[in-house]
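The values are calculated or read from the model by the stated rules, or taken from the named source; none is laboratory data. Just so it is clear, the model here is predicted, and its values are computed rather than measured. Cβ placement follows ideal geometry from the backbone for every residue including glycine, while neighbour counts extend to all protein chains displayed. Areas reflect the complete protein model, heavy atoms only, side chains present, ligands, DNA and RNA absent. Shrake-Rupley method; radii C 1.70, N 1.55, O 1.52, S 1.80 Å.
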Amino acid sequence: MGQVQQRDREFQELAATELLQEGRILVAQGRQASGIEKFRLAVQRFPKSASAGVAQLEIGKLFEANREFTTAFEEYQNVINRFPDDALFQEALAGQARICDTVVRESARFEREGKKLPKKILPPKELRMGMLKLLVANTRHSQYAPKAQFLLGVAWDQEGEPNLAKKAHAEFLEFYPDHMLADDAAFQIGYIDFKLVQEGHSQRHFWAQLAFAEFLLQYPESPKAAPARNCLARLDQREVDALVTAARFHERRGEMNAARIYYADVAKRFPGTVESDEELAIRIRAMMAEAETKPE
């Protein structure tokens, strides 16, 4: 019985290998659809053969090369689900990681350019997020895990889910604190809130300041340090503008004590800004001098 099983396995492997080679020849001739048919036959007829897993991987690669990313991702997932060989598993993960990276980058590009996403190439939001979540699950213990987690945060931000984006980046820092992308993840946490502040969500102001301050303490030599300092300066200026507006409002109403409180707050908390704005500095000094000469 053992010999019969051995001969059967050898026959299946030989037949699957022949289908695999026939498929590769067809692909080399430019007949991709016919090649895929051969690969699928190898998978369907001889699923326990080593060549079946290779054939399934070839299907994923062909769809990826043709920029049919949703189908390619699914075909790679079939490798992961059905063929335990570690080399195939790693190649399938690499393919899924490439797809997610491309999808995230190209989605961002189309958004920046104000163009609609090409549905035939880039999957819709629900599918994109599903692909990224599955990639994170698949790669948890592989070399692709950090990039997958980072991409998930970037994608949530693109989809207008700032809290989920921050959570994904915070988890990245928890899982991979020493990774080369750690400084970028930390920066993104602050930048997400910074963008919201720019859109008028003033309640995010404190959290953006806190995140950037922590970022600069943790990663002072990062290439992102200069943008972080610039964002902090813009946040400070926004706060200065609000305080000065309040001070001038009270001045117009003749409420000079209230105006002095706001001016004093500006001078105490943002001395550098006051020094660089001559008109503001003169006004604050005048207000403070008036308070000192005014009889009690």
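Residue pairs whose Cβ atoms lie under 9 Å apart, sitting 6 or more positions apart in sequence or on different chains, and linking a residue in the range 252-269 that is at positive phi and modelled with pLDDT under 85 to a partner that is open to solvent by less than 40 Å² (accessible area, probe 1.4 Å) and in a helix (DSSP H, G or I), do not occur here. Condition check: polar (S, T, N, Q), within 20 Å of the chain's Cα centre (by Cα) and open to solvent by 50 Å² or more (accessible area, probe 1.4 Å). Does Asn163 satisfy that? Here the answer is yes, as Asn163 does meet what is asked.
Suppose the filter is in contact (Cβ under 8 Å) with a residue 12 or more places away in the chain, over 12 Å from the mean Cα position of the chain (by Cα), surrounded by fewer than 19 Cβ atoms within 10 Å (Cβ to Cβ) and assigned to a helix (DSSP H, G or I); does Leu135 pass it? No: the conditions fail for Leu135. Residues that are in contact (Cβ under 8 Å) with a residue 24 or more places away in the chain, part of a helix (DSSP H, G or I), of a type in the set (Gly, Ala, Ser) and in contact with a Leu (Cβ under 6 Å, 6 or more places away or on another chain) within the range 138-179 comprise Ala148, Ala155, listed in sequence order.
Residue pairs whose Cβ atoms lie under 9 Å apart, sitting 6 or more positions apart in sequence or on different chains, and linking a residue in the range 191-218 that is over 19 Å from Val154 (Cβ atoms) and in contact (Cβ under 8 Å) with a residue 40 or more places away in the chain to a partner that is open to solvent by less than 50 Å² (accessible area, probe 1.4 Å) and part of a helix (DSSP H, G or I), are Val197/Arg204; Val197/His205; Val197/Ala208; Val197/Leu235. The residue pairs whose first member lies in the range 104-120 and is open to solvent by less than 70 Å² (accessible area, probe 1.4 Å), whose second member is modelled with pLDDT of 75 or more and among the β-branched types (Val, Ile, Thr), and whose beta carbons are closer than 8 Å, counting only pairs six or more residues apart or on different chains, are Val104/Val154; Ala108/Val154. Among the residues of the range 248-274, the ones that are under 39 Å from the mean Cα position of the chain (by Cα) and surrounded by fewer than 17 Cβ atoms within 10 Å (Cβ to Cβ) come to 5 in all.
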